[in-house]
Structure formats: structure tokens, C-alpha cells
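A.B. asks: Quick one: structure below, then a few questions.
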Amino acid sequence: SHCIQNPRKNRRLPLYMIEALLQSSAAELTQQRKKAVPVVLSTRIRLARNLATVPFPGRATSAQRSDVLAKCEQIISRLPNMKSGHFFDAKSLSDLEKQTLVERHLISRELCDAAPGAGVFIRKDQSCSVMINEEDHLRIQILKSGFSLKSAWKQVDTFDSDLEKTFDVAFSPDFGYLTACPTNLGTGMRASVMMHLPGLAISGHMERVVRAVNQLGIAVRGLFGEGSDATGHIFQISNQQTLGEAEGDILDRLGNVLKTIIDHELNARYKYLEENRSQLLDKIGRSYGLLQNVHVINSNEAMNLLSLVRLAVDFGLLPETSRGLVDRLFIECQPGHVQYASRGDIAPDQRDIVRAGKLRSEFSSME
């Protein structure tokens, strides 16, 4: 479970500070129910940027990293669209708090293990987060519900332009934006879309799709990126190439591939339903019944059951409003969120009981 270890260890930050962030009634990925759409859960665009005058984080001294952290925090806090945002110094976050932010896709697993001088600034509605001194000095990301490549790019581009008015960014006329890892050179941009692909997964066609999109320079990963599993039939699909191609061209190419995947997914769903109607409806019915009555459940099983309920919504078997509920529970059923909601003092096996109670409560009111 990524960063989570002893929930009591190194807790220097009062719980209520991160709780204010988590309890927000306008959180982009957990509260925007009306934006939930079939197949695509969310869109993210991330930019890697470095200051021109300071060694990259991996080569910087502790003092240089601290200076960068303080400077970037001040600059970001003054930007209009980050007003009332939340800043967290990574060293002040407990393992549990870091894990919870990873589950919301607001920080990376790498930031959990970063050397002193790392931190993150998160917009109040959680649609924007800026990691400081992870692999690069700045990792700027915009998160949007649904399929929103153009909107996310417009926001991150504006943010990037505002930042570049305040300090010199490491840039080469030959190589574009300079980054710690050569794979990010050029635009420094990774655009990714979180997709729910049960049709392709259940029908056994996912592997063929992965091979095809890999040949087009598109990467397919699990829920938490590289090295993670596609729990709940959720896949993160992103561009691999950042050098030698303009941002608009990368987004157009990715967008076209994603639209093709959506078409393949919808075809796979309806073909499977047509050929295996009773079996699929049985899987959905059992999932719905379990979620209403379960008393012990781990996060992987919860994700897979929720996946089938989301599929039922897309088939019109459950109300449209239920899709947003499922998308929220995809996040809130993760280990860190369950433990955090219990104030972090429960053992792992107790988490499975607490998670089950939450699911029963949420599904008891579903029509």
C-alpha cells in the first residue's frame, strides 16, 4: 500500500490541516458528480519544470532544496488561482497523510520518499497541485473529472506562463525544457486519462489494445501509474514522447487514440452483453448485492465490485447519479482513506471491516 506504514509514526502535522483539504465540498475528483461520464474517469496534464540557476533536486544540497521550497511556496501562494490553497512540507506529513494524498493523485509515490526540502501546494478544489523538489524542481499538474484534455491544457498552460513571469526556467533552444530524466525533455508534458475499461478486460481484449497503443507511443499503466495494478478495470493512458513534438500535436494524437479506445470499449461491452447477457447481469447483480450487505472486504475486491456497478450505470440499469458515487468510492475505499477516516488507529484487518461498513451505508440509499 505505497507509503503507508505506522499511522502514528512521525505525525507532526495536526490532522485537521489535511482534513480541511479532504473535507472540501468542491473536491474535483470526489465531489463533482455531475461531471461523471462513461468510460473516462478523469484527465490529468503534468508539466516538469526546473529553475535555471539551481542544481536539479537530485544534485542540489539540502540548503539549496530548502531555498527552492521556500521560494516556490511564496510565488505559488501569490498566484490568483491558488488563493486559499494548502501547502504541505513533505517532512511534516505522516506516512498515512502522504498515502491519502497519493490515493487522490495529488502527490506521487516518489514525493513520499523525497529528501528533505520537498513539498506540495494544492489548490482548494484539488484540481491543481504543484510538487516541489520531487524529481524536478516543479511538477505542475491539473486534474479534471471526465474527458477534458483541452480544458486541462488551457489551465496548465496559463499556470505555467504565470510561473515563468516570476523566475527563469531551465530551457534549451535545442532540447526545450530541461528535466532531471531525459524522457521528459522537450515539452516536459505528460497528459494522461484514467479510463474504466471493464468491457475490454472481461472479454480478454485488453492485451491486444495495449500492444496496439504502445506502438503509437502511448503508455498504458494501472491506477497509480508505473508498476501498479489495473484494479477495478481502471487504466491510466498517457503520452510517452515529450521531445520533438508540440504540446498541441501530442494532445491531438493522444485524444484520437483515446477516442478509438472508447469506441473499442463500448463495442466490447455491448458485444459481451449480447453474447453473455445472463452471466454479466449475474456478475452485476451479485456485485450490487455484496456492496449492500458486505461486512469484510479488502480494497481490491471493493474496486472490482464498484467497477461492475459503474458498468451497470453505463448500461442504464442504475441511475446516472450513481456514477459519481462510484467514482468517489473508488478513491475513498483505498487503504489510506479508510484508515484516515478512522483517525489512523486501526489495524489492517480492521480496515476491511470499516470499509465494508462504509460501502453498506453508501449503497443502502442507492435506488
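A.B. asks: Please report, as a whole percent, how much of the solvent-accessible surface of segment 63-206 comes from carbon and sulfur atoms (probe radius 1.4 Å).
C.D. replies: 51
A.B. asks: For Cα pairs less than 8 Å apart in space and 6+ apart in sequence, what is the mean separation divided by the residue count of segment 61-181, i.e. the relative contact order in percent?
C.D. replies: Reported relative contact order: 22 percent.
A.B. asks: May I ask you to list the lysines whose Cα is less than 20 Å away from that of Lys91, ignoring any residue fewer than eight positions away on the same chain?
C.D. replies: Those lysines meeting the cut-off are Lys9, Lys71.
A.B. asks: Around His196, what is the net charge, scoring Lys/Arg as +1 and Asp/Glu as -1 over all other residues with Cβ under 12 Å from its Cβ?
C.D. replies: That sum, taken over residues with Cβ under 12 Å, equals 0.
A.B. asks: Right, here's the next one. Could you tell me which residue out of Gln155, Cys181, Gln215 lies farthest along the dipole of the chain toward its positive end? Charges go on the beta carbon: Lys and Arg +1, Asp and Glu -1, centred on the Cα centre.
C.D. replies: In the chain, that residue is Gln155.
A.B. asks: Sticking with this one: Might you tell me the accessible area per residue for the chain, computed with a 1.4 Å probe and given in Å²?
C.D. replies: On a per-residue basis, 44 Å².
A.B. asks: Just the number, please: carbon plus sulfur as a percent of the accessible area of segment 254-323, 1.4 Å probe, no ligands or DNA/RNA counted.
C.D. replies: Answer for segment 254-323 is 49 percent, counting heavy atoms of protein chains only.
A.B. asks: Where a Cα-Cα gap under 29 Å defines reach, which lysines qualify for Lys259, not counting those fewer than 8 residues away within the same chain?
C.D. replies: Of all the lysines, those that pass the test against Lys259 - Cα under 29 Å, at least 8 places apart if same chain - are Lys34, Lys35, Lys144, Lys150, Lys154, Lys271, Lys283.
A.B. asks: While we're looking at this one, here's another question. Only Cα pairs under 8 Å and at least 6 apart count here; give the relative contact order of segment 165-313 as a rounded whole percent.
C.D. replies: With pairs under 8 Å counted, the relative contact order is 24 percent.
A.B. asks: Based on the Cβ-Cβ distance of Val296 and Ser203, what FRET efficiency does E = 1/(1 + (r/R0)^6) give at R0 = 25 Å, to the nearest 0.05?
C.D. replies: That pair, Val296 with Ser203, gives E of 0.25.
The values are calculated or read from the model by the stated rules, or taken from the named source; none is laboratory data. Bear in mind the structure is a predicted one, so any value in this text is a computation, not a measurement. Cβ coordinates were reconstructed from backbone atoms using ideal geometry, including for glycine residues, and neighbour counts include every protein chain displayed. Note: accessible area is taken over every heavy atom of the protein model, side chains too, but ligands, DNA and RNA are not part of it. Shrake-Rupley method; radii C 1.70, N 1.55, O 1.52, S 1.80 Å.
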